[in-house]
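Engineer: First the structure, which I've put down as structure tokens, then a few questions once you've had a look.
The numbers here are math on the coordinates, done by the rules we state, and not lab data. None of these values were measured; they are calculated from a predicted model. Glycine gets a Cβ as well: all are built from the backbone with ideal geometry, and neighbour counts include every protein chain shown.
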Amino acid sequence: MLFWIIAVGLSVVVAVALAVPLRQAHAIEEAAPDVAFYRASLAEVEADRGRGLISAEEAERARAEIARRLIAADHVRQGKTVERVRRGPVLPAAVFGAVLVIGGALVLYTDLGAPGIPDQPLGGRIAAAQELREARPSQEAAEAMMPASPVDAPQDYLDMVAQLRAAVPDRPDDLTGWELLSRHEAALGNYAAAARAQERVIALKGDAAEYEDQVALVDRMVAATGGLVTPEAEALLARLLSERQDAEGPLYYMGLLQAQVERPDLAFRYWKRAIDEGDPASPHVELARTQIDRAAALAGVEYTPPALPGPSAADIAAAQDMSAEDRDGMIRGMVEGLSARLAETGGSASEWARLIRALGVLGERERAAQIWAEAQGVFADTDGLDEIREAARAAEVAQ
């Protein structure tokens, strides 16, 4: 309530400050012209007496008469001015200005502000963020709340995954089988099953488990909860960051956690580190780049992400000078390299689209169809899927 009293009071002060000049300007405008005439006559009398044209007695009588008329004219001017101020257009203009200033301010605040929400000091916001953090569901509970999201994939691919799903549990120590199951369950959008398979992969590898294996597990855990970073995922992320403080994957997910508990200031710090220190081609860096602008705005920080690197002029010139056979070999080499990297790290939507389009150009449509099926699981419900779908249509593996 105190806020509204102060806001309305300030608006009234502004409205009055705007109205006063209107009134004064109108009063000056309505001044009677005979007042100025009589004042000029007094000055002429003094000048005539000074030059000896009239006597002192005549000058005194003339001053008295002019003064009497001046006073009368001034009374008439004041009466006219007051009446014009009261009855003329100044009062409606002042009222209109007051309504515009006060009403406009209230309307804008109601639309853009936060009426009814009390002040939130820093300590209160931090406490609220901690409450949100503590209220998160467990990994198991969060996965149970997620509805099934079937992916459109070729039937032969679905049959292959079904066979893999049935066979691998019968061979609990088959590392390759569990790796394939984890990858293909994720491709079909079965992220919870993919996470369980990835946990088995890490258990089988033991001390030989690589850092990327752990990050892949976090990818699947977060995807299985619809993007929520659960306490279990947070514990794993904290351990990964203690091992590598510049790892873009853990940095992105820790930033995502801070954004989910309404700490955009901390989310911005994590995502900036991911962008500044991570591989620009990493999908985690791309995700950080797509979300950091909002975090920066909420944190009150002006930030422009660094430009993405591209091929050098020398690389472009070298490709133009190649023969058709050499250029085809280079393209195939790039495709194989890109395919290997996407299989290991995931890659961005643009890279998946580029791979599918390149495979279509090379005539490897069966392989392109398989990549398209995997992409539908990896990029389900994201804007990147539209770009990949266009590439799949260009490769004639999608409708």
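Engineer: Going by C-beta contacts inside 10 Å, put Ser41, Ser350 in order with the fewest on the left.
Structural biologist: The order, fewest Cβ neighbours first, is Ser350, Ser41.
Engineer: Grab the other residues whose beta carbon is less than 13 angstrom from that of Arg171, score K and R as +1, D and E as -1, and report the net.
Structural biologist: Neighbour charge sum, excluding Arg171 itself: -2.
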